[in-house]
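For reference, the structure discussed in these notes is given below.
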Protein chains: 2
Amino acid sequence: MTPAAAVEAVRCSDATLTVRRADGSPCADTEVLVEQVRHDFAFGNIGFDFVGLAGEERAEAPADVFGGAGREAAGQLVDLWLDVFNTATLPFYWAGFEPVEGEPDTRRLQAAAAWFRDRGVTVKGHPLVWHTLAPDWLTGYSDAEVEEIVRWRVRREVTSFTGLVDVWDAINEVVIMPVFANEERPNAIIRLCRRIGRLPTIRLAFEEARRANPGTTLVLNDFNLSTAYECLIEGVLEAGVQVDAIGLQSHMHQGYWGEERTQEVLDRFARYGLPLHWTETTLVSGDLMPPEIVDLNDHQVDAWPSTPEGEERQADDIVRHYRTLLAHPAVQAVTYWGITDRGAWLGAPAGLVRADGSPKPAYDALRGLVKDEWWLAPTRLPTDADGRVAVRGWAGDYTVTAGDGMASWRLRPDAPTPEVILA
Amino acid sequence: MTPAAAVEAVRCSDATLTVRRADGSPCADTEVLVEQVRHDFAFGNIGFDFVGLAGEERAEAPADVFGGAGREAAGQLVDLWLDVFNTATLPFYWAGFEPVEGEPDTRRLQAAAAWFRDRGVTVKGHPLVWHTLAPDWLTGYSDAEVEEIVRWRVRREVTSFTGLVDVWDAINEVVIMPVFANEERPNAIIRLCRRIGRLPTIRLAFEEARRANPGTTLVLNDFNLSTAYECLIEGVLEAGVQVDAIGLQSHMHQGYWGEERTQEVLDRFARYGLPLHWTETTLVSGDLMPPEIVDLNDHQVDAWPSTPEGEERQADDIVRHYRTLLAHPAVQAVTYWGITDRGAWLGAPAGLVRADGSPKPAYDALRGLVKDEWWLAPTRLPTDADGRVAVRGWAGDYTVTAGDGMASWRLRPDAPTPEVILA
């Protein structure tokens, strides 16, 4: 089976839609127009660049450690972003979100989340607990106090954003958390995790978030995809912590992993029967980072340009990577980490759009997958005498139109016989 | 502090011994002779080489996958072994212990364990559960049946050896267990662990062993000393499995790790407040294995000779390694993996004795630590008017002699005021 066929076998399903008129009678023997509106599959990207734009801020946004294109550039990016992605990750890095204790950036992020929601985009918050970018003011507290403050922060964010942000990276990079040695300053979260252990730290994040919003989707997220993460996950599940999805980062600044390694990772982590979220995917369109770098943050270069050869490679890589991921039934979400090279993490040419605002080949390639190869083009189909029409398509939101009447419906493999009334 | 002083600071303690005569009166103002008989600290080595000798077998012992010197050679090794070591690891590799289902090698191993016990040696069994060297006959059973058979095997061994073997590696190398790919044949234990998960596999080993002998000491043992093992341990402890000691292998066929790395491992694993057992320590006295080898089993050479330079290096390494380990208060046991080069794992010159039976410099160096530097030489001391005498020494068993009278006593940091009656 070709990679493209493998994706279709996993992601496409058949439905028999029954179309009725406003009076309830079957819309029989009629040509109807079926159009896909949205993917169920979460095609994600960071929405950091649009926080200032969404808030209609006049000044440039405060500097964000993980980039952000600035307001003017963001305006040019909006349509490109919204044409491909349906899920936005917003930044809740604690040091940036609450630089002064007691003054969280809640309203600004609420405005950004609402802006995305109003455009049909699901918003995910990243992350509730992480050692990196813990606020400096936290270091003065004792371990017991830090634990209480972390619990409070988790409850506060989840509560303040219920209805706007209902998917969270509950905790980030726990494998390394108590042994991380690349922090210049004393870090209260590392200290706490070392004291109480990884599992109690995970439990506090998940339990507080769940309590604040029982309907939220909570992700355990890590970049360490070695056996260590498996061991951690098995401990978490054995301890009875309810994890909704396993988050797998895939920053590939050192080069695309290839199908075989990706498949091996998929198989190892699908073993737990939980949805897999590929949370942070990066493929650069310039020189690759040298393989001897272990912590990507250690690679600092003056300039890291996008090159024509690199852009072709990136486009090829992104198609191979997304095909491999979507061909695996456990994968529920893929979040690309950056729309533009402007302000990208490490200065890497990781965006799908160049710093000048023009789309790279990788943008077109990914759009080709999401909105063409994996998208049901508007299709005219005849209903039968009972108003039924067979549709084969990708899980998602659809419309059906007949004359002046229109209705929305969802195509899902677990609900193959939807029924609509035209209005 | 020098390494030697660091060991003394951790391992030496002061006791005030009160010596009484048979009638209960103080043995006052008398010169007594204090002699150390045994270390509390477990200086271990494998006892594989002596199984045939202990059973007074006429034929050569069945081939053991992890070496074994054969009976004749073993006879020459006995005194060298017993002069340094007080703890023997005996082989319970399932494929060798029960090559035909229902015909375990119980009596032969009981004889070997009794032989050691009669010589004052503590015996440890290795291992109860391990994927490597699972018997071929196990592969025909279903996962549910394999689990029942493994439980039965654990109960049987622990029960049959209670009083002879009360320390066990309950389970070996779980970090890699469900993902181990270096097995030529289908392996029922890997299959089971992949199905039920690492923690349930660990739990079954510990729970069955504990139930069979509540007084046994159960070790979780691994060669993978990365963060993965930390994550596994934290899951095991969180799941409430009672682990008595954390086992850390240190096969250093690729060269001595050095003090810094060893210290880092010690600190990371001491964090759990459990005793640390260095379970499988190897330092070669020949060429080092190339660093690119990941699974040591992949290194197969026709001949791997011991060399004069290698022997000097091994002697130096062993002193540095043991000093580093004994200077850490969490370490309770160190087991060197091999007395002789004869039949050593991988053919490596890892023994402390050459194939011809002569001790290497490493043997003399280790004996010098165990029986000289860390040993209270026979010492004459005067008692006071109340029969008291101050002794500073290493935790262990001692005698005190005055004239014809003698008594045994123990020097322990947690019981600094022993009292004896001469008999």
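The values are calculated or read from the model by the stated rules, or taken from the named source; none is laboratory data. Since the structure is predicted, the reported quantities are computational estimates derived from the model, not experimental observations. Note that we place each Cβ from the backbone using ideal geometry, even for glycine, and neighbour counts take in every protein chain shown.
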Looking at (1) more than 14 Å from chain A (Cβ to nearest Cβ); (2) under 28 Å from B:S226 (Cα atoms), find the lone condition where B:W152 falls short. (2)
Say whether the condition of being β-branched (V, I, T), under 30 Å from A:I318 (Cβ atoms) and not assigned by TED's automatic domain parsing to the domain that holds A:W81 is met by at least one residue in the stretch A:383-404. yes
Of B:A330, B:A303, which residue is hydrophobic (A, V, I, L, M, F, W, C) and over 21 Å from the mean Cα position of the chain (by Cα)? B:A303
In the stretch A:279-317, what count of residues is obtained for those that are surrounded by 15 or more Cβ atoms within 10 Å (Cβ to Cβ) and within 28 Å of A:A170 (Cβ to Cβ)? 6
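For every residue, the table says whether it meets (1) under 21 Å from A:L82 (Cα atoms); (2) in contact with a Leu (Cβ under 6 Å, 6 or more places away or on another chain); (3) surrounded by fewer than 17 Cβ atoms within 10 Å (Cβ to Cβ).
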| residue | (1), (2), (3) |
| --- | --- |
| A:L325 | no, no, no |
| A:A330 | no, yes, no |
| A:A333 | yes, no, no |
| A:R342 | yes, no, no |
| A:A350 | yes, no, no |
| A:P361 | yes, no, no |
| A:L366 | yes, no, no |
Going by the structure shown, is A:I190 more than 22 Å from the chain's Cα centre (by Cα) and crowded, with 17+ Cβ neighbours inside 10 Å? yes
Within the stretch B:332-423, strands (runs of 3 or more DSSP E) holding 3 or more residues that are touching a Cys at 6+ places or on another chain (Cβ under 9 Å) and in contact (Cβ under 8 Å) with a residue 12 or more places away in the chain: B:388-394
Do we find that B:T262 is away from every other protein chain (no Cβ under 14 Å), closer than 17 Å to B:I318 by Cβ and out of contact with any helix residue (DSSP H, G or I) (no Cβ under 7 Å at 6 or more places or on another chain) in this structure? no
A:D79 passes all but one of the listed conditions (1) buried (at least 17 other Cβ atoms within 10 Å of the Cβ); (2) farther than 25 Å from A:Q249 by Cβ; the exception is number (1)
Given (1) more than 9 Å from chain A (Cβ to nearest Cβ); (2) over 25 Å from B:D166 (Cβ atoms), number of the condition B:N224 does not satisfy: (1)
Mind telling me which of the residues B:D267, B:D287, B:D222 ends up being within 21 Å of B:A42 (Cα to Cα), touching a Gly at 6+ places or on another chain (Cβ under 8 Å) and either in contact (Cβ under 8 Å) with a residue 12 or more places away in the chain or not hydrophobic (A, V, I, L, M, F, W, C) (or both)? B:D222
B:D143 fails exactly one of (1) among the acidic types (D, E); (2) in contact with a strand residue (DSSP E or B) (Cβ under 9 Å, 6 or more places away or on another chain); (3) closer than 27 Å to A:R268 by Cβ, namely (2)
Across the stretch B:109-135, what is the number of residues that are among the charged types (D, E, K, R) and modelled with pLDDT under 95? 0
Which ranges mark the helices (runs of 4 or more DSSP H) fully within the stretch B:88-199 that have 2 or more residues being in the same structural domain as B:T335 (by TED's automatic domain parsing) and of a type in the set (S, T, Y)? B:143-160
Those residues of the stretch B:37-52 which are surrounded by fewer than 21 Cβ atoms within 10 Å (Cβ to Cβ) and either at pLDDT below 95 or β-branched (V, I, T) (or both) amount to B:V37
Determine which single condition B:V241 fails, assuming it passes every other condition in (1) in a loop (DSSP other than H, G, I, E, B); (2) in contact with a Lys or Arg (Cβ under 7 Å, 6 or more places away or on another chain); (3) over 30 Å from B:D136 (Cβ atoms); (4) within 14 Å of chain A (Cβ to nearest Cβ). (3)
Restricting to the stretch B:71-87, name every residue that is assigned to a helix (DSSP H, G or I) and either polar (S, T, N, Q) or under 23 Å from B:T281 (Cα atoms) (or both). B:A73, B:A74, B:Q76, B:L77, B:V78, B:D79, B:L80, B:W81, B:L82, B:D83, B:V84
Considering only the stretch B:307-315, I want to know if a residue exists there that is assigned to a helix (DSSP H, G or I) and aliphatic (A, V, I, L, M). yes
For the stretch A:172-191, give me each residue that is within 14 Å of chain B (Cβ to nearest Cβ) and hydrophobic (A, V, I, L, M, F, W, C). A:V174, A:V175, A:I176, A:M177, A:V179, A:F180, A:A181, A:I190
Check the stretch A:224-235 and report whether any residue there is in a loop (DSSP other than H, G, I, E, B) and at positive phi. no
Any residue in the stretch A:196-212 that is of a type outside the set (D, E), within 14 Å of chain B (Cβ to nearest Cβ) and under 22 Å from the mean Cα position of the chain (by Cα)? yes
Taking the condition of being under 18 Å from B:D404 (Cβ atoms) and in a strand (DSSP E or B), how many residues in the stretch B:18-40 meet it? 8
Going by the conditions given, is A:P290 farther than 21 Å from A:N224 by Cβ, assigned by TED's automatic domain parsing to the domain that holds A:A348 and not in a helix (DSSP H, G or I)? no
Please find, among B:G215, B:G247, the residue that is part of a loop (DSSP other than H, G, I, E, B), touching a residue at least 40 places away in the same chain (Cβ under 8 Å) and either away from chain A (no Cβ under 14 Å) or touching a His at 6+ places or on another chain (Cβ under 7 Å) (or both). B:G215
Under 9 Å by Cβ, and 6 or more places apart or on different chains, what pairs join a residue from the stretch B:96-114 that is under 17 Å from B:L133 (Cβ atoms) with one that is surrounded by fewer than 14 Cβ atoms within 10 Å (Cβ to Cβ) and of a type in the set (D, E, K, R)? B:P99/B:D136
